[in-house]
Amino acid sequence: HYDVVPPGDLKKWDTDPFSGYIKDNKVFGRGATDMKGGLAVLMKVFSEIDTKKYKIVFSAVPDEEIGGLHGSLKLAQIYDSNLVVIGEPSGSTSMTLAEKGLFQLKLKGFGRLAHGSLPSLGDNAILKVMRDLERLNTEINKINIDLPSDLEEIIKDTETIYNLPEVFKISFNPSVIKGGVKTNVVPDYCEIEIDMRIPPGISSNSLLDYVKNNVIKETIVEPIDLSDPNYTSPNDNYVKIFDKAIKEVIGVKAKKIIITGATDGRFFRYKGVPVIVYGPGELGVAHNYNEFVSFDELNRSYRVLKHFFELIND
């Protein structure tokens, strides 16, 4: 994808975020790692391989950062593919084979206005939302998910990179809250948006049913964005070939990882198509101030991807 997220506060950048400033063997700017670097690598590879030897389509979509519903979703509906390669940042020695699902909700609380000095005459909507939010946080933390058995290698490799407790659990992040009229008024409306990410082993619809029927007591649940977690088996033949390409070019065994965010790869995996996410850069600098990608990463990723296409043509 060639779209990027906004740069945020320009004063927090060391350089113009759209300048492509080069320093210390790195290119700095919004989208450098997510994913202009990967896009540049794929464009170079495709310009050099003999496309007549492959039934292959190159695409660059403009809407990944806002959901991908008019880009990759349409491509997944149009093409019957046997492999999709996406250049999102994985690091040149890793490939992303799994991703968590989106589980984003809004809780809406309704109450009754009253003078702030007489709260018993009203019904405080903010308190309703806060109580349900605490219930949700408590119950989400109790859920144990049985991860699919064929993710064992992905789990082990991911833990060497992201040794964080929420990677293979449901993460919980209340992110936006709105409510109240004035300091001296009992609020009659409040809403809060919560961003949760769910690992393989549970579906977004089953979790939504559980939350609605067993957790939320005082507010209305409104889904914002739901998607199921998805993965490509490490035992897939294309994954094995990609593993070989990394080994032969860089000299290391590739790490196979899960990411906590979502990519457009989900649209293809939902159709049963294997997806390998591989590209230059560190996911930790994506969407951040002073985002960058190194020329070393660009070069290694380019050589791996080109060699991969040579291997699958043998």
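Readers should treat all values here as calculations from the given coordinates under stated rules, not as data from a laboratory. Nothing here was measured: the structure is a model prediction, and the numbers come from that model. Because the Cβ atoms are built from the backbone with ideal geometry, glycine has one as well, and the counts that use them run over all protein chains shown.
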Legend entry - For the chain, built as a Gaussian network whose Cα springs stay under 10 Å, the top-fluctuating residue of ASP195, ASP50, ASP228: ASP50
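Suppose every K and R has +1 on its Cβ and every D and E has -1 on its Cβ; what is the size of the dipole of the chain about the Cα centre, in Debye to the nearest 20?
Computed about the Cα centre, the dipole is about 60 debye.
With a 10 Å Cβ neighbour count serving as the proxy for reagent exposure, in which order, fewest first, do THR160, THR183 appear? Don't skip to the answer; put the middle values down first.
Working: THR160 10, THR183 6.
Ordered by Cβ neighbours within 10 Å, fewest first: THR183, THR160.
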Inset, instruction - Would you mind telling me which residue in GLU139, GLU282, GLU291 has the biggest mean-square fluctuation in a Gaussian network model of the chain, where springs connect alpha carbons within a distance under 10 angstrom? - result: GLU139
Legend entry - Debye, to nearest 20: dipole size of region 218-314, +1 on Lys, Arg Cβ, -1 on Asp, Glu Cβ: 580
Inset, instruction - Kindly put THR33, THR15, THR260 in sequence by how many other C-beta atoms sit within 10 Å of each C-beta, fewest to most. - result: THR15, THR260, THR33
Legend entry - Over the chain, relative contact order from alpha-carbon pairs under 8 Å, at least 6 apart, %: 33
Legend entry - Most mobile of PHE292, PHE268, PHE18 in a GNM of the chain (Cα contacts under 10 Å): PHE18
Inset, instruction - Take every Cα-Cα distance within the chain, group them into 20 Å bins from 0 onward, and report for each bin the whole-number percent of pairs it holds. - result: 29, 51, 18, 2
Legend entry - Distant-in-sequence amide H partners of TYR189 (H built 1.01 Å from N, under 5 Å): GLY111, ALA125, GLY180
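Return TYR302, TYR21, TYR278 ranked ascending by Cβ neighbour count within 10 Å, so the fewest neighbours appear first.
Values: TYR302 20, TYR21 17, TYR278 27.
Least crowded to most crowded, the residues run TYR21, TYR302, TYR278.
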Inset, instruction - Specify which residue in the list LEU298, ILE241, ILE258 is farthest towards the positive end of the charge dipole of region 216-314, using unit charges on the beta carbon of Lys, Arg (+1) and Asp, Glu (-1), about the Cα centre. - result: ILE241
Legend entry - Unit charges at the beta carbon, dipole of region 1-108: most positive-side option, GLY67, SER19, GLY8: GLY67
Legend entry - Cα centroid separation - region 65-86 against region 248-311, whole Å: 17
Legend entry - Set of lysines near LYS74 by C-alpha distance (under 23 Å), chain-local residues within fewer than 8 positions excluded: LYS36, LYS55, LYS100, LYS271
